[in-house]
1. Condition first: out of contact with any strand residue (DSSP E or B) (no Cβ under 7 Å at 6 or more places or on another chain), of a type in the set (S, T, N, Q), open to solvent by 40 Å² or more (accessible area, probe 1.4 Å) and modelled with pLDDT of 95 or more. Can you find one or more residues in the range 255-273 that meet it?
2. When the range 411-432 is examined, which residues are found to be surrounded by fewer than 20 Cβ atoms within 10 Å (Cβ to Cβ), of a type outside the set (A, V, I, L, M) and not in a loop (DSSP other than H, G, I, E, B)?
3. Quick check: anything in the range 359-367 hydrophobic (A, V, I, L, M, F, W, C), within 30 Å of Ile539 (Cα to Cα) and buried (at least 24 other Cβ atoms within 10 Å of the Cβ)?
4. Which of the residues belonging to the range 433-462 are open to solvent by less than 20 Å² (accessible area, probe 1.4 Å), in contact with a Ser or Thr (Cβ under 8 Å, 6 or more places away or on another chain) and among the aliphatic types (A, V, I, L, M)?
5. Mind checking which pairs have a first residue in the range 153-166 that is without any contact (Cβ under 8 Å) to a residue 60 or more places away in the chain and outside any loop (DSSP other than H, G, I, E, B) and a second that is open to solvent by less than 80 Å² (accessible area, probe 1.4 Å) and among the small types (Gly, Ala, Ser), Cβ under 7 Å, 6 or more apart or different chains?
6. What is the number of the single condition among (1) small (Gly, Ala, Ser); (2) without any contact (Cβ under 8 Å) to a residue 60 or more places away in the chain; (3) surrounded by 15 or more Cβ atoms within 10 Å (Cβ to Cβ) that Ala179 does not meet?
7. Which of the residues that make up the range 507-521 are outside any loop (DSSP other than H, G, I, E, B) and open to solvent by 30 Å² or more (accessible area, probe 1.4 Å)?
Amino acid sequence: MPPTHEVLNQPPPLEGYDLFSTDRCLGEALEREGAGWARERARRLGVEAGGEALAWGRLANTNPPILRTHDRFGNRIDEVEFHPAWHELLRLSVHHELHALPWRDPRPGAHAARAALFFVVSQAEAGHGCPISMTYSALPALRAQPELAAEWEPRIVSDRYDARVRPAAEKTGALLGMAMTEKQGGSDVRANTTRARPLGRGGAGAEYELTGHKWFCSAPMCDAFLVLAQTERGVSCFLLPRWRPDGTRNRFLIQRLKDKLGNRSNASCEVEFDGAWARMVGEDGRGVPTIIEMVTHTRLDCVIGSASGMRQAVAQATHHAAHRRAFGKRLVEQPLMQNVLADLCVESEAATTTMMRLARAYDEGARDEQAKRFARLATAVVKYWVCKRQPPLVAEALECLGGNGYVEESMLPRLYREAPLNSIWEGSGNVICLDVLRAMGRSPDAVEAFFAEVGLAGGADPRLDAFVDDLRRELGDFDAIERRARRLVERLALALQGSLLLRHAPGPVAEAFCASRLAGDRGLAFGTLPAGIDYEAIIERARPARDGAAPASA
């Protein structure tokens, strides 16, 4: 202790606790969405993620990756060097099969189980989820080319993380990445200029050489990448490994690493292909529909990542307020702080509940056309809204800690820098909203499947009923619909969240949501819930307990 004063009125560190068992909303959703068989696995990961993994997350972000283009002899190597903590995080997630669980163990509820696990570990560190997510998402796209899937799937589903720089055939496990966007096109991948030249007879599964660039390539130390390039028939999808079949390094040249706002632990780069060897995946000229299988699953992971970041921010804010005193009371007892915290808790629970319901649709979609139609529309709707809600929520949670929240040791600055990412990744807000309009136009059955899900809470609350009736009328008006797309998608998301919370959340949470989000009895900032809400019950349900026990039920 310093000789000048004794340290008082500071909350104990929120560490060494079970991230899963202290999250009542997540635990209930795991059972409800058909993945109760994964509870013990989630508990084990919750303990690990709330323990040493928190330190790994801090170290991986304060020691970002370094690009090594050449070795000391002048040979081109194009390798990225990571802090050991990065490898520990990846080893943890691969061991728990977050990169491949539904493909390794395709029992009912596998996608929901993985969603819960990914949600838990992302609270410790979000950046390492990039290669985990892309590997999980790549396999459905790769299966469009059965011989390639047969070769790569055993490596992808391995539960052993192998960081060695060598051909994938010599490793105990492999991770996959993706590189689509280029300088001139961004989300408009049909404007890509990278060219693919066939080595012999072209077509699906054939060998090609790719020449061009990618403006964003995430996790460049992955073993192979799904990329887009132009053939004579148009944009096509290719699998491009880091090594050629003869054991030499592929012409995959890392130009520089991106200096990003957040996601600092994860390497994102600009890359050049100088006659890089690759094989076509799927039909020639049909690269976008092929790779969209990967994009769809990564959009689900964007939802999981944002919901996870919101949960960790709420945990930090409620924990601080439960221990910090001001003006004679704990912060959590102050009426205005109760309003703020309860509002944050409601938003977080809505995100978590919706995330888990969406994951169940991926489980059911393989055998249920209605579930597949629901997932087709709900993925884009939920991706837009949940990812949009993360930045303001994290900012408000940071403010709950005051100046303490503005310093790096609190974790909140890292969460704040990370918060905008998922709204940009795999389609920014406008792209997603236009996708929703496109899906509604092409598949009216998807719209009905979406409203059928919302309708399961029909009659439960007149505010939801009125909101849905008004939404249907608004959807029937096609005048300037593109300009209104964000408003429409937001309202679709709120209708779905309201339905889910009315069916599954405790009364105080559902009441607060319906009053503030559906009836509009609130202001534009968090902390403007109406009077009469059971703030204490909502906060206590969300607050983590330091001893690892779940908080009392709301």
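1. No, because not a single residue in the range 255-273 is out of contact with any strand residue (DSSP E or B) (no Cβ under 7 Å at 6 or more places or on another chain), of a type in the set (S, T, N, Q), open to solvent by 40 Å² or more (accessible area, probe 1.4 Å) and modelled with pLDDT of 95 or more.
2. Within the range 411-432, Pro413, Arg417, Gly429, Asn430 meet the criteria.
3. yes
4. If the condition is that a residue be open to solvent by less than 20 Å² (accessible area, probe 1.4 Å), in contact with a Ser or Thr (Cβ under 8 Å, 6 or more places away or on another chain) and among the aliphatic types (A, V, I, L, M), then Val454, Ala457 are the ones that fit.
5. Ile156/Ala100; Ile156/Ala174
6. It fails just one condition, (2).
7. Within the range 507-521, Gly507, Pro508, Glu511 qualify.
Residue-by-condition table, conditions (1) in contact with a strand residue (DSSP E or B) (Cβ under 9 Å, 6 or more places away or on another chain); (2) among the small types (Gly, Ala, Ser); (3) at pLDDT 95 or above:
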{"residue": "Ala495", "(1), (2), (3)": "no, yes, yes"}
{"residue": "Gly498", "(1), (2), (3)": "no, yes, yes"}
{"residue": "Leu502", "(1), (2), (3)": "no, no, yes"}
{"residue": "Ala525", "(1), (2), (3)": "no, yes, yes"}
{"residue": "Leu529", "(1), (2), (3)": "no, no, yes"}
{"residue": "Gly548", "(1), (2), (3)": "no, yes, no"}
{"residue": "Ser553", "(1), (2), (3)": "no, yes, no"}
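The values are calculated or read from the model by the stated rules, or taken from the named source; none is laboratory data. Computed from a prediction, not measured in an experiment: that's the story for all the values here. Virtual Cβ from ideal backbone geometry, glycine too; neighbours counted across all protein chains shown. SASA here: full protein model, heavy atoms, side chains in, ligands and nucleic acids out. Shrake-Rupley method; radii C 1.70, N 1.55, O 1.52, S 1.80 Å.
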